[in-house]
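Quick notes on the structure that follows.
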Amino acid sequence: MREYWWIESGVPSEEQASGCVRYAVSQYSFSKIKQAVWRIYRLHLDRKDLNASDKVVLYCLCERFRVQSMSSRDAVGYLSKMCGLNRTTVGKSIQNLVDAGVLWIVEEGEARKAHKRLVARKYFKKHFLIVGLSYMLAEWGS
C-alpha cells in the first residue's frame, strides 16, 4: 500500500479538489466505488470547457478505473486504441482534464509526486486519479 501514497489514513486536505482518497472509503465495495466513479463522470458531461474527445477519454479512464489502486494506470497508447483517437489527441485530452481539475497525474512510489503535465519517460509508473472521488464516496456512499 506504500506505493499508493494517495490512499491516506485520514481525510485529505481540500477533499473535493483532491485526487487523494481516504483509506476508509477505499475499503467500500467494488460496486459502490464504481457507482461513485460513474457519478463523477456524469457530473462532468455538461461542462462547456471540455470538448467531446476530453469526455471520451474521461469515459475510457472511468471504464478502466481500478479499485485496488483507486486509479487508472493505462498507457496513453492503450487509451488511444480503446477510444479510437490519435495518441496526440488523447494526450491533449488528458492534459485538458488535468487543467480543468478533473484528473491528477501521479507517480507510483513512496515519495509523493504529482505532475501537472503528462510526462513521457522510461520507468515512470503513472496513475490517473479522479478528483473528488473520496469526497463523493464519503458524502454519498455512506
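Every condition in (1) out of contact with any Lys or Arg (no Cβ under 9 Å at 6 or more places or on another chain); (2) hydrophobic (A, V, I, L, M, F, W, C); (3) modelled with pLDDT of 95 or more holds for residue 102 except the one numbered (1). Could you tell me whether residue 20 is touching a helix residue (DSSP H, G or I) at 6+ places or on another chain (Cβ under 9 Å) and under 14 Å from residue 136 (Cα atoms)? Answer is yes for this residue. So, of the residues in segment 38-64 that are closer than 17 Å to residue 134 by Cβ and among the aromatic types (Phe, Trp, Tyr), which turns out to be surrounded by the fewest Cβ atoms within 10 Å (Cβ to Cβ)? Step by step, filter segment 38-64, then rank; the result is 38. Applying the criterion of being among the small types (Gly, Ala, Ser) and touching a residue at least 24 places away in the same chain (Cβ under 8 Å) to the residues of segment 65-76, the residue that is surrounded by the fewest Cβ atoms within 10 Å (Cβ to Cβ) is 69. Inspect segment 2-17 for any residue being crowded, with 20+ Cβ neighbours inside 10 Å, among the small types (Gly, Ala, Ser) and either over 15 Å from residue 127 (Cα atoms) or touching a residue at least 24 places away in the same chain (Cβ under 8 Å) (or both) and give the result as yes or no. No; the residues of segment 2-17 include none that is crowded, with 20+ Cβ neighbours inside 10 Å, among the small types (Gly, Ala, Ser) and either over 15 Å from residue 127 (Cα atoms) or touching a residue at least 24 places away in the same chain (Cβ under 8 Å) (or both).
Residues being of a type outside the set (Gly, Ala, Ser) and either surrounded by fewer than 13 Cβ atoms within 10 Å (Cβ to Cβ) or touching a Cys at 6+ places or on another chain (Cβ under 6 Å) (or both): count how many of those fall in segment 18-37.
So the first thing to find is which residues in segment 18-37 are of a type outside the set (Gly, Ala, Ser), and the list is 20-23, 25, 27-28, 30, 32-35, 37.
Next, from what is left, pick out any that are either surrounded by fewer than 13 Cβ atoms within 10 Å (Cβ to Cβ) or touching a Cys at 6+ places or on another chain (Cβ under 6 Å) (or both): 27, 30, 37.
Of the residues in segment 18-37, 3 are of a type outside the set (Gly, Ala, Ser) and either surrounded by fewer than 13 Cβ atoms within 10 Å (Cβ to Cβ) or touching a Cys at 6+ places or on another chain (Cβ under 6 Å) (or both).
For segment 30-61, a residue qualifies if it is touching a strand residue (DSSP E or B) at 6+ places or on another chain (Cβ under 9 Å) and free of Cβ contacts under 8 Å to residues at least 40 places away in the same chain, and the qualifying residues are 41, 60. Tallying residues that are at pLDDT 65 or above and within 22 Å of residue 55 (Cα to Cα) within segment 118-142 yields 12. Being of a type outside the set (Gly, Ala, Ser), in contact with a helix residue (DSSP H, G or I) (Cβ under 9 Å, 6 or more places away or on another chain), more than 20 Å from residue 109 (Cβ to Cβ) and modelled with pLDDT under 95 is a property that residue 27 lacks. All conditions in (1) under 16 Å from the mean Cα position of the chain (by Cα); (2) touching a residue at least 24 places away in the same chain (Cβ under 8 Å); (3) buried (at least 16 other Cβ atoms within 10 Å of the Cβ) hold for residue 79, with the sole exception of (2).
Filter segment 1-12 for residues that are at pLDDT 85 or above and either β-branched (Val, Ile, Thr) or more than 15 Å from residue 103 (Cα to Cα) (or both) and give the result. Talk me through it step by step, then tell me what you get.
Taking segment 1-12 as the starting set, the residues that turn out to be at pLDDT 85 or above are 4-12.
4, 5, 7, 8, 9, 10, 11, 12, listed by residue number.
Out of everything in segment 68-89 that is among the β-branched types (Val, Ile, Thr) and modelled with pLDDT under 95, what residue ends up being nearest to residue 25 (Cα to Cα)? Reasoning before the result, please.
Applying the first criterion (among the β-branched types (Val, Ile, Thr)) to segment 68-89 yields 76, 88-89.
Narrowing the set further to residues that are modelled with pLDDT under 95 leaves 76, 88.
On the way: 76: 28, 88: 34 Å.
Going through the qualifying residues, I end up with 76.
The values are calculated or read from the model by the stated rules, or taken from the named source; none is laboratory data. The structure presented is a predicted model; accordingly, all values stated were derived computationally and were not measured. Positions of Cβ are generated from backbone atoms using ideal geometry, with glycine treated the same way; all protein chains shown enter the neighbour counts.
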